[in-house]
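Encoded as structure tokens, the structure appears first; notes follow it.
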Amino acid sequence: HIRSSYSRLLVASCISSGGLIVYAECNVDSNEKVVQKSRSDSGKKKIVVLGTGWAGTSFLKDMDISSYDIEVVSPRNYFAFTPLLPSVTCGTVEARSVVEPVRNIIKKRSGEIQFWEAECLKIDPENHKVLCHSLVENLVGENDFALEYDYLVVAVGAQVNTFNTSGVLEHCHFLKEVEDAQRIRRTVIDCFEKAVLPGLSEEERRTNLHFVIVGGGPTGVEFAAELHDFVHEDLVKLYPSVKDLVKITVIQSGDHILNTFDERISSFAEQKFQRDGIEVLTGCRVVSVSEHSVNMKVKSTGEYDVVPHGMVVWSTGVGTRPFVKDFMEQIGQGKRWILATDEWLRVTGCPDVYAIGDCATVDQRKIMEDISTIFEAADTDHSGTLTIEEFQDVLEDIIIRYPQVELYLKSNQLFEVTELFKDSEGNEREEVDIEGFKLALSHVDSQMKSLPATAQVAAQQGSYLASCFNRWEQCNAKPEGPRLFGSAGRHAFLPFRYRHLGQFAPLGGEQAAAELPGDWVSMGRSTQWLWYSVYASKQVSWRTRILVVWDWTRRYIFGRDSSRI
Ligand code: FAD
């Protein structure tokens, strides 16, 4: 209904009158009405931001809103501090302590940002419009509206990926949103209440108390650890008759859990889980899930195994939202699995649309093509070689544009590749062979992996994009300014550069592991205290900071609340 009305909406004219933004009601046919909000003619460019997660919120917090009209669309009128969601599943932290209303965030900005609680259903890049739908029930008026934009910032995150595994949508819990965490909390208590009912066999009680987590990444591991603490610190005291029947199992398709972390952390976590009695099944791929069992294939033997369960949490894989997929098809990215941007976070092939956070990735294939083009342009005499000085200039230029190339060169000692710089007799070459260098670099293609889908990347991208918009006017007025680099025709801003500040993996029992910059690894109780301080300091407001610290204290004094509300 919405899609059909939208195509007609696009030809309907937008009414605008002197000065301010106006609303026009477009009769697209006798039954269908869509409210249209035109572009501002206040002289300022209009930016529409989709999403109020890590990327969208950090963009809004850093934007100089005096220079733009900004409108924000999100189906949730709050920002959620996702790293604490596993703590919400067991009541270590309350749901309201990890969310901050978007209107509180934008109120603090000394200008006006408009917020619409709605979801975007379609992006129309040709006409610079987005079609939105309000999810508010019993609304007096129209739920659908269209917004025009000069620039669009897509920051809608990702959705759960079930890899089309049968039964996952029907029988698994996910851990993506605050509501998911609240649902898990209720179901855990439910499982205990079910298990103590009279008339059940021991086997049935065991099945009700078997918690299965599919996915041994940071979220799955953290949830398993939280659940273990909840069960052993609080629930066993309340349900003593079934305390020995509880089981937690983590199913991981790879060879180790936490396999994106340093090996030392991954084996520390495996040993800790073994001591805690958390079963870790590695090398197993789940093929289907039914109401009371998980069916999986053991990779090493090729055999199938059935695991009975009382509850399953599916914590693996991220997928693209349908309306983003539709947008990708419109702009010729239909064959990709995730929206591609250039290194300035502009959607490839779609000027004026930017994508940040989990919903997009920098297009690595294009980077390799661009690097080849830069070399070809530098090789003016088509000799296939560059002098050392020319080569260094080109390399400098490439590194400014593609910071990940520098990381790769350093980590693989490519700066010292002797064949490139010395001949077979060990004499310094005067010229560098371009093909030889490109060949060495081609391995970058596979190793310059996309950035991880983390809050850290999303927040840094949001800040970076805001700083580009903030400097836009200045750069236009003074294109020869200090930020311009390379030869004419290049972009005025430095590309996005990710700074990895480290990552944590809380492992329960007041222990955590951390991988910090400079290859520094830390594990144990002191790391848990580091985790507490970092996560308290990263809260978006003093309100949530105080609430979170109070929740930790409350849990320490009174334990977690096991009421099923
Ligand atoms: P999100 O934060 O998911 O925000 C997406 C926004 O888009 C939301 O506001 C949503 O309401 C909105 N939206 C959705 N659909 C639409 C639509 N149709 N129209 C308009 N708006 C829409 N990362 C870390 O770095 N460290 C951690 O410890 C960590 N722990 C995590 C724990 C859990 C349980 C989870 C789920 C994730 C964790 N992450 C962590 C990953 C991190 O949360 C994500 O990488 C981050 O949220 C991505 O930010 P984003 O802005 O791209 O998307």
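A few remarks follow.
- Among the residues making up region 307-325, those that are outside any helix (DSSP H, G or I) and either modelled with pLDDT of 95 or more or among the basic types (Lys, Arg) (or both) are Val307, Pro308, His309, Gly310, Met311, Val312, Val313, Trp314, Arg321.
- Verdict on Glu233 being more than 16 Å from the ligand (Cβ to nearest atom), surrounded by fewer than 22 Cβ atoms within 10 Å (Cβ to Cβ), in a helix (DSSP H, G or I) and in contact (Cβ under 8 Å) with a residue 40 or more places away in the chain: yes
- Every residue from region 203-230 that is over 26 Å from Asp561 (Cβ atoms) and within 13 Å of the ligand (Cβ to nearest atom): Gly215, Gly217
- Apart from one condition, Val324 fits all of (1) surrounded by fewer than 23 Cβ atoms within 10 Å (Cβ to Cβ); (2) out of contact with any Phe, Trp or Tyr (no Cβ under 8 Å at 6 or more places or on another chain); (3) more than 30 Å from Ala195 (Cα to Cα); the exception is (1).
- Subset of region 252-310 (residues that are under 18 Å from Gln511 (Cβ atoms), open to solvent by less than 40 Å² (accessible area, probe 1.4 Å), touching a residue at least 24 places away in the same chain (Cβ under 8 Å) and not aliphatic (A, V, I, L, M)): Phe261, Asp262, Lys272, Phe273
- Residues that are under 14 Å from Leu235 (Cα atoms) and over 33 Å from the mean Cα position of the chain (by Cα) were ranked within region 193-212; the one that is surrounded by the most Cβ atoms within 10 Å (Cβ to Cβ) is Ala195.
- Answer residue from region 140-173, given it is in contact (Cβ under 8 Å) with a residue 40 or more places away in the chain and of a type in the set (Val, Ile, Thr) and is nearest to the ligand (Cβ to nearest atom) among those: Val156
- Test: Gly51 is within 12 Å of the ligand (Cβ to nearest atom), at pLDDT 95 or above and on the phi > 0 side of the Ramachandran plot: yes
- Residue count, region 338-363 (criterion: part of a loop (DSSP other than H, G, I, E, B) and within 16 Å of the ligand (Cβ to nearest atom)): 3
- When Lys108 is tested against (1) farther than 30 Å from Gln333 by Cα; (2) surrounded by 15 or more Cβ atoms within 10 Å (Cβ to Cβ); (3) at pLDDT below 95; (4) charged (D, E, K, R), just one condition goes unmet, and that condition is (2).
- Scanning region 129-164 for residues that are open to solvent by less than 20 Å² (accessible area, probe 1.4 Å) and more than 21 Å from the chain's Cα centre (by Cα) gives Lys129, Val130, Leu131, Cys132, Ser134, Asp144, Ala146, Leu147, Tyr149.
- Region 52-73, residues that are among the hydrophobic types (A, V, I, L, M, F, W, C), assigned to a helix (DSSP H, G or I) and either open to solvent by less than 10 Å² (accessible area, probe 1.4 Å) or in contact with a Ser or Thr (Cβ under 6 Å, 6 or more places away or on another chain) (or both): Ala55, Phe59, Leu60
The values are calculated or read from the model by the stated rules, or taken from the named source; none is laboratory data. What you see is a predicted model; the values in this text were computed from it and never measured. All Cβ positions, even for glycine, are placed from backbone atoms using ideal geometry, and neighbour counts span all protein chains on display. SASA here: full protein model, heavy atoms, side chains in, ligands and nucleic acids out. Shrake-Rupley method; radii C 1.70, N 1.55, O 1.52, S 1.80 Å.
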